[in-house]
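The values are calculated or read from the model by the stated rules, or taken from the named source; none is laboratory data. Just so it is clear, the structure is predicted and the values come from calculations on it, not from any experiment. All Cβ positions, glycine included, derive from the backbone under ideal geometry; neighbour counts span all protein chains shown.
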């Protein structure tokens, strides 16, 4: 009944990893699944999915398909699919997604806009 949906990120297939202790300042463009356990300042544009691990810190806008956050993000997120905030997630920025999951304990400060959910896309603040 509560099985994984098809828009879930495959955590076992990661194409690119920014490891803990790594710092990147600039734009990142990746095809596939990106995992961030280090620090990123700039812009993240993914033709795929993003996993931000518990030690991940992102100060950037993120565009992609699906994102799972367990770390901290300062920036806006625009997705074609689902945003999931784990219990340890901290998100400071506006989001535009088609699906949103916020687990207990997560922090989200910003505006949310759900795309593709109805004819008159309503904004929730």
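In the stretch 17-29, the count of residues that are closer than 21 Å to residue 116 by Cβ and assigned to a strand (DSSP E or B) is zero. Restricting attention to the stretch 39-64, the residues being surrounded by fewer than 24 Cβ atoms within 10 Å (Cβ to Cβ), in contact with a strand residue (DSSP E or B) (Cβ under 7 Å, 6 or more places away or on another chain) and closer than 17 Å to residue 86 by Cα number 4.
Yes or no: residue 78 surrounded by 15 or more Cβ atoms within 10 Å (Cβ to Cβ) and either assigned to a loop (DSSP other than H, G, I, E, B) or in contact with a helix residue (DSSP H, G or I) (Cβ under 9 Å, 6 or more places away or on another chain) (or both)? Let's see the steps before the verdict.
Working: surrounded by 15 or more Cβ atoms within 10 Å (Cβ to Cβ): yes; either assigned to a loop (DSSP other than H, G, I, E, B) or in contact with a helix residue (DSSP H, G or I) (Cβ under 9 Å, 6 or more places away or on another chain) (or both): no.
In short, no.
Where the second residue is modelled with pLDDT under 95 and not in a strand (DSSP E or B) and the first is more than 16 Å from residue 45 (Cβ to Cβ) and lies in the stretch 73-92, which pairs have Cβ atoms under 6 Å and are six or more apart or on separate chains? Going by the 6 Å Cβ cut-off, the qualifying pairs are 82/7.
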